Amino acid sequence: MLDLIVIGAGLSGMLAAHTAARAGARVAIVSKGLGALHWSAGTIDALGYFPDEKTPVSSPLAALPMLAPNHPYTLCDAPAAWREFAALTHACGLPYAGANADANLWLPSPAGAARPTWLAPRAQLAGDLARAEPMLIVGVRGMRDFFPELIAENLRKQNHAARAAFVPLEVITARHDSNSVQLAHALDDPARQLKLARELKKIVQRGERIGLPAILGLDNHPNAFQTLEAETGAAIFEIPTLPPSVPGIRLNDALRRELHRLGVRVDVNMDVRGFHADGARIAFVESETSGQPLKHRAEKFLLATGGILGGGIQSDPTGKTWEAVFDLPLTIAPNRGDWFRARFFDPAGHPIFRGGVAVNRVFQPVNAHGAPVYANLWAAGGVLAHADPILERSLEGVAIATGVAAGKFASQA
Amino acid sequence: MHTTSWHSVSMTLDECIKCNICTSYCPVAAVTDKFPGPKYAGPQAQRFRESGQITSPDVWVDYCSACRVCNEVCPSGVKIAEINARAKAQIVHERGIPLRNWFFGRNEILGRIGNLAPQIANLGFHNPVSRLMAEKILGVARHAPIPHWSTEGNFRAWFARREKLRAEKKVAYFHGCSTNYYEPAVGKAAVAVLEHLGYEVVLPPQNCCALPMLNNGEFPAAEKLFRSNLKKLAPYVDRGLPIVGTSTSCVLVLREEATEMLDLENAQTQALKAGMWDISEWLRERLEQGELPTDFRELQMVVPYHVSCQARAHRMGRPGLDVLMLIPGLDVREGNAKCCGLAGTYGYKAEKYDIAMQVGEDAFRFVRAQGEGVRYVTADSEICRWQLEHGTQKLGRHPVEILAAAYGLYDLDRRQLLAEMK
């Protein structure tokens, strides 16, 4: 019998499973699909804007005490969880770091905009817009969805020195049509890494740092990154691409390897749609199969299915919303008219994204009276209420902080 | 809970958000430029295949191997592999079917013919000259691991002449064409295990599940086969007799694939869906009910377990692994290769053989990495076992054969029941 089943294989589910497994629990993950890390820039955004989108946060640590008492960050020790995460990434060979002095890092987006983040993988750190060296943004001629001229021009508008250049596609692959993941696989090959480095060396000028699309290898990424820096003599940084996103996939793969090492079985393509409770205790959850539903039994369950964008919260055109697995109480307004503000880019954000499952101080979903709905259920990540990951730029930070907290409380209970 | 109609294939088209995760995980697109990836062949091209279009705009959908890895990783529930299968059927409908693919769709008939004189059939087909001619004339890859006809008679004949266990508890067995004509040993091992559990095995009349036809775009002919099976199996389903199958791909077609692709959702197909089991899945259910005997002999060996894409498509976890892990001494190593490459009849086609072998390389490498001493590899699908044998020179065995060996009923090397070896 398992101690804990985590539902959801995104960042929060994996961190929750990892935390519980490290504490000695027998843990498994069941998940409908691969987590949203495949779309993620691979950075850990903790708190970029607060209280509205016009007010950038210089230090998330300093801003945390200002958050509402029911914000997920207020319920747990977020900075400790982020430090644990950083240590874990170092142990997995995909080291993350932040800016010095507890400040947010500002990195170039795929459109050349500046975006705030708390922790970034080593391969993105040299893109720090606080640094003065001019940037050479290099695209691959023939690669879809990465536009160095656009990025450089937008960076120049923000008073950063930047210029654009291209290398030919055949440096990386003989194929004519590849997406970012296929190009990254091609760059796992040391010979192609060297070939790319030689091309870059021809165009880079002294003192420039080189920004490339995030395709510098997958399984052999550390080697690709080191080879390029060593051979060009320039600082290299990756700029995230449109999905599928290689930096997010690297993080996903690293965490999955770590879970495998800890004996945590991860089953994807299992859509949990039903459950059975004996009174206040959940006995099993059921996932859909090609035949009869499959029962998954454990002592405890942890919900990490994501928010309204991740599928953990469902809605229909009549304005009904429901939590997808346990039909837990939600904080979302019953009237659709209250979900959105009139303007799409309203700096105060849209109320629907703050809606979700309310939890107590040990991350158990609670009803309107604050009492736990089930005695053996915990929740983490995007499904939680009272954070707006889009406005706050807090998606991964909340996933990690609440995943670690819920995993800890679930394993201790 | 969503109904199946909500999930009906064409509806899911609009759920595609173009994220390209499917293309990133597609084992075929990873090795060849001939297939641009599931997103392009599926949801994207489908917009040009709507009614009123004169012809399908693409032919590269033919390079989809139907492994369903795209469905598995899609975060939005798009039935990409089914969209591709329907597109293939549309092309066949418009342009006709190549003779070779027509033959591949009729493996049951080929099995039956070869079974009349298997030695002669094997000699006649499995010699370098015939295989070369088959490649040149028909386009059947000459090195592809096409199975040999069983020279010990077919499975049904064996079943009919043996003395059966009579018992209160009964289970029906769906053997499929490959067990009947090419690998009767798998069926013998399955029957031995089922009887060891105290079940009487009954053998319903049955025909080809229609997978080869579905994969080659012959939908009208496939529907005939599927409806015929529905009719033959209905009495067993109605009596509440569980139907177990050793060919995991046949079970998938009967429970879900045919219904979805041919749009045949009704009470009868629903009943079959609920009444049919992959044999490992059914054995795991017995284990959970506390009914699985654990009188295992020790099997001291390492066995690499390739999780077939067909088995993953069931979304039932890894029951083969769950059951084999009970055997003392047995070190079952689970691989994570996406697909063996052969994928039904895909790798048998001359123009696709190299692609299939490149796709399979991950699985071959995994098997080789488990050490020189490895003698057997296991997989739930016969197609994968044949491809793994071809790519690694190990011996392929169904999980139920290993289980039968562990119960002391079966010689894993000679593929014979111990009771019949005296």
Only unsatisfied item for A:A254, checking (1) in contact (Cβ under 8 Å) with a residue 40 or more places away in the chain; (2) farther than 30 Å from B:E334 by Cα; (3) of a type in the set (G, A, S), is (2)
Picking from A:L88, A:L107, which residue would you name as being touching a residue at least 40 places away in the same chain (Cβ under 8 Å) and crowded, with 22+ Cβ neighbours inside 10 Å? A:L107
In segment A:232-271, anything among the hydrophobic types (A, V, I, L, M, F, W, C) and modelled with pLDDT under 95 is listed as A:L242, A:V266, A:V268, A:M270
Considering residues of segment A:38-70 that are out of contact with any Asp or Glu (no Cβ under 9 Å at 6 or more places or on another chain) and part of a helix (DSSP H, G or I) only, the residue surrounded by the fewest Cβ atoms within 10 Å (Cβ to Cβ): A:P65
Within segment A:278-292, considering residues that are touching a strand residue (DSSP E or B) at 6+ places or on another chain (Cβ under 8 Å), surrounded by 19 or more Cβ atoms within 10 Å (Cβ to Cβ) and without any contact (Cβ under 8 Å) to a residue 60 or more places away in the chain, the one nearest to A:L2 (Cα to Cα): A:E286
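Residues are listed down the side, and each one gets a yes or a no for (1) over 24 Å from A:E396 (Cβ atoms); (2) part of a strand (DSSP E or B); (3) more than 13 Å from chain B (Cβ to nearest Cβ):
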position: A:R250; (1), (2), (3): no, no, no
position: A:A254; (1), (2), (3): no, no, yes
position: A:H276; (1), (2), (3): yes, yes, yes
position: A:I282; (1), (2), (3): yes, yes, yes
Counted residues, segment B:109-139 - those being under 23 Å from the mean Cα position of the chain (by Cα) and within 30 Å of B:A41 (Cα to Cα): 1
Out of curiosity, is A:A184 at pLDDT 95 or above, farther than 23 Å from B:A29 by Cβ and either part of a loop (DSSP other than H, G, I, E, B) or within 14 Å of chain B (Cβ to nearest Cβ) (or both)? no
Just to be sure, is A:A81 small (G, A, S), in a helix (DSSP H, G or I) and either touching a residue at least 60 places away in the same chain (Cβ under 8 Å) or not assigned by TED's automatic domain parsing to the domain that holds A:D267 (or both)? yes
Residue match in segment B:252-266 (condition: modelled with pLDDT of 95 or more, more than 18 Å from the chain's Cα centre (by Cα) and either under 26 Å from B:V191 (Cβ atoms) or within 14 Å of chain A (Cβ to nearest Cβ) (or both)): no
Given (1) buried (at least 17 other Cβ atoms within 10 Å of the Cβ); (2) under 22 Å from the mean Cα position of the chain (by Cα); (3) touching a residue at least 40 places away in the same chain (Cβ under 8 Å), identify the lone condition not met by B:R318. (3)
Restricting attention to segment B:123-138, report how many residues are crowded, with 17+ Cβ neighbours inside 10 Å and part of a loop (DSSP other than H, G, I, E, B). 0
Are any of the residues in segment B:160-169 in a helix (DSSP H, G or I) and not assigned by TED's automatic domain parsing to the domain that holds B:F104? yes
Those residues of segment A:341-378 which are touching a Lys or Arg at 6+ places or on another chain (Cβ under 8 Å), touching a residue at least 60 places away in the same chain (Cβ under 8 Å) and surrounded by fewer than 20 Cβ atoms within 10 Å (Cβ to Cβ) amount to A:P347, A:A348, A:Y374, A:A375, A:N376
May I ask you to list the residues in segment A:108-124 that are over 16 Å from the mean Cα position of the chain (by Cα) and over 19 Å from A:G217 (Cα atoms)? A:P108, A:A111, A:G112, A:A113, A:A114
Of (1) surrounded by fewer than 19 Cβ atoms within 10 Å (Cβ to Cβ); (2) at negative phi, A:L259 satisfies every one except (1)
Considering only segment A:89-98, I want to know if a residue exists there that is assigned to a loop (DSSP other than H, G, I, E, B) and out of contact with any strand residue (DSSP E or B) (no Cβ under 8 Å at 6 or more places or on another chain). yes
Taking into account only those residues within segment A:15-29 that are crowded, with 24+ Cβ neighbours inside 10 Å and part of a strand (DSSP E or B), which is nearest to the other protein chains (Cβ to nearest Cβ)? A:I29
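The values are calculated or read from the model by the stated rules, or taken from the named source; none is laboratory data. What you see is a predicted model, and the numbers here were worked out from it, not measured in a lab. Note: ideal-geometry Cβ built from the backbone for every residue, glycine included; neighbour counts use all protein chains shown.
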